[in-house]
1. What dipole magnitude, in Debye to the nearest 20, does the range B:290-358 give about its Cα centre under +1 on Lys/Arg Cβ and -1 on Asp/Glu Cβ?
2. With a point put 7 Å past each Cα toward its Cβ, work out how far B:ASP202 is from A:THR19 in nm, to one decimal.
3. Based on Cα positions only, what radius of gyration and what Dmax would you give for the range B:224-336, in angstroms?
4. Calculate one ³J(HN,Hα) per residue across the range A:180-196 by plugging θ = phi - 60° into the Karplus curve 6.51 cos²θ - 1.76 cosθ + 1.60, and present them in order as whole Hz with x for glycine and proline.
5. Please work out, to two decimal places, the log10 of the ratio I(q)/I(0) at q = 0.17 Å⁻¹ from a Debye calculation in which every Cα of the range A:108-255 carries one identical scatterer.
6. Quick check on chain A: what does the Kirkwood estimate of hydrodynamic radius come out to from the alpha carbon pairs, in Å?
7. Under 16 Å Cα to Cα from A:LYS206, which lysines show up? Leave out anything in the same chain fewer than 8 places away.
8. Based on the alpha-carbon set only, what is the convex hull volume of the range B:277-317 divided per residue, in Å³?
Amino acid sequence: MNSRKKECVAMLLAGGQGTRLYSLTKDIAKPAVSFGGKYRIIDFPLSNCINSGIDTIGVLTQYQPFALNQYIGNGQPWDLDRLSGGVFVLPPYMKSKNSDWYKGTANAIYQNIAFIDKFSPEYVLVLSGDHIYKMDYADMLSEHKRRGADCTIAVIDVSIEEASRFGIMNTKEDGEIYEFEEKPKKPKSTNASMGIYVFNWDKLRKYLIEDEADSKSSNDFGKNIIPDMLADGQKLYAYKFSGYWKDVGTINSLWEANMDLLDEGSGLNLADNGWKIYARNTAEPPHYTGRDAVISNSLITEGCEIDGDVVNSVISTGAEVCRGAKVSHSIVMPGAKVCEGASVAYAIIGAGAVIGSGAKVGKEQSGKDGNYDISVVAPNYTVKDGGVVDAGAMVE
Amino acid sequence: MNNIMGIIFASDNESKLNELTLHRTTASLPFCGRYRFIDFALSNFVNSQITNLGIITRNNYSSLMDHIRMGRDWDLNRKNGGIAVFPPYVSNSARSMNRGKIEALYSILDFIKRGSEDYVVITNSNIAANIDFDHVFDAHIAKGADITMLTYMAQPISSRKAAVVKDNDGRITQIRVVQTPSSVLTEMSLNVYMLRKDLLVDLVVDSYERGYTDLEKHILQPGCDTLKIFAYPTEGYVGVIDDVKSYYAESMRVLDTDLRNDLFTRNGTIFTKVKDSVPTRYRPGAEVNNSLIADGCDIGGKVINSVLFRGVTVEKGAVIENSIVMEGGKICEGAHISYIIADKDVTVTSNKTIGGYETYPMVIVKNKTV
């Protein structure tokens, strides 16, 4: 490995099991879940990195890493196949004295101190692999430097009702964080942590080592490292981000983020040549829209064959919607097939799944307070001809 | 098959493709929504493990270089082999632009001799087909052929097509250049040949020394008696582009799902340059039928029996019928086009109606605003 010095190394936490995505993450890690027709969730932080000029990225994996490893490969789709730096997949590994799974987010970085040290960086950017957003990390880094901070945490303004679901950063007027509250019952402010941190590497390194020595610690950034640094009077600042950002860790949030792509007012616009989101390409021909197709307010990806009705939906690479089939307010993931006369409404159809002829998945609904009962068909599952999957049900 | 090398002629028939090859080689002519013609030759070679490739260009090759770059999108950025592009005047002995395939091959004799392969495939780049050269090789050996010539069945509607006459064993006894277009289904040369490399070198050197220039006219046509030339009928969809009319006709033929599946999946994947476009957006009011649509389009109007390349915008109330709109095209509100081939980055402004005819589709040249 050529390890020329790098100013900033990014560490992407991609080891989460993603249990709240249920069958969608049964065989793949959450960051490898399909999004927006041709992307995977991890394309967002990887593309953000390269667009921000960060070309050295460690991807920390441990749960079902195979699909993710294969997807990242040598990093070429993100222009990350570099002689110096590039993208490195870092699973837990055997060490001479002891070896361990990644016990927590901080422990995952701790176990890779040697990797980071090879690049002698001044700063380390810690990212998570389950958020959809476009962000210039270079701007965050320059704010960090300008303020002479030890740690900068990206925050987004959420509503006061939502605030109790997040880690909340209470700050002074100049943005310095004086208090961190994890999921507070009575939030004092609405600055929610986005799970994006810039650290001075020498500081973080010291805290990781101390944290590891503490057997009572849960080795987590939010629970341990950040409170410890605050307690010691280190300089922690909030970096306000105002664009689109969504945690897609649940069925409903994943569905909503996909629907946001169809809504031009949502702030999530991928058709911006100045900040492209890159993805590994599957070399499929253009999509074909048949003689009986009716498509409205939808995204259709290359390799699809559409001959049915598609409305308010995202149809992913190589999926098929046959004649007489109806798909509305749904996500059809790569390679899935909706057969003749089937109907799919308010649903997520997993990759490679088949909805048999005349089958019915989910139902049209108006939603209570913006909450919908989203049906989920597991990847590669077949719903039999004429089968029924109720609204909000999951089949696998 | 690692014992075969490939040579692609990037330029052919350009004079008859008129405006479409004003700024590009035949090899880089866009086809089927996101491809260029050379993608078929490159992908067929790669899928047959033929990875030592030479591409001979004549002119206008910058669009081709831009498309191929280092060959990574076809997995051809190799330490051993990969792609070598030969512009004109490649050797010291080339004092003028090569006047035909014999001179072109003569100018790259060193490249041809250098590789360790025993066989070579020579191909034109006006062909869309999914060909397995392993099968061609098996047939070549089984027949004991000196040269295997790939053939296809079509009506010789444009002149100068080479029709073959063969005996019961498949050996070609005559090659006739059709002078009058005909509607009779005829077996014709695809201008793709497989032969031993040392035979190719001998033939090229001998012909060059005699002052010959044309591979088909000076070597193959008169060689039927002395060389064992066997026909290999190519299976599945074969699209050959000779002029604007055949370009249009083949573009419309791939709207047929069975033919298209054959072209893209028969033996292997057809690869092309990756451009990271977003999925295509259909807006409320969009009406699209029997059309091929690449990624990155934004459709608010009506599209019927057409091919849209990447990043085409169809505004509300615009109508595209029986047309081909290449990358970056914009058809504005209320505009209506039919039987049009719009080259890259063409804009048709609001409420304009323009059309050609099925037998004479109209070409709008690159970057033009109507």
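The values are calculated or read from the model by the stated rules, or taken from the named source; none is laboratory data. Worth saying up front: this structure is predicted, and the values here are computed from it rather than measured. Don't worry about glycine lacking a Cβ; one is built from the backbone with ideal geometry, like all the others, and counts go over all protein chains shown. These area figures cover heavy atoms from the full protein model, side chains too; ligands, DNA and RNA do not enter into them. Shrake-Rupley method; radii C 1.70, N 1.55, O 1.52, S 1.80 Å.
1. Values: 6 positive and 9 negative charges, 22 e Å.
I would put it at about 100 debye.
2. Taking the two extended label points, one gets 7.5 nm.
3. Using the Cα atoms of the range B:224-336, the pair Rg, Dmax is 17.8, 66 Å.
4. After applying 6.51 cos²θ - 1.76 cosθ + 1.60, I find 10, 10, 7, 6, x, 5, 10, x, 8, 8, 10, 8, 8, 5, 8, x, 10 Hz.
5. -1.02
6. Final number for the Kirkwood radius of chain A is 22.1 Å.
7. Within the straight-line cut-off, A:LYS206 pairs with A:LYS235.
8. On the way: hull volume 2.1 nm³, N = 41.
It is 51 Å³ per residue.
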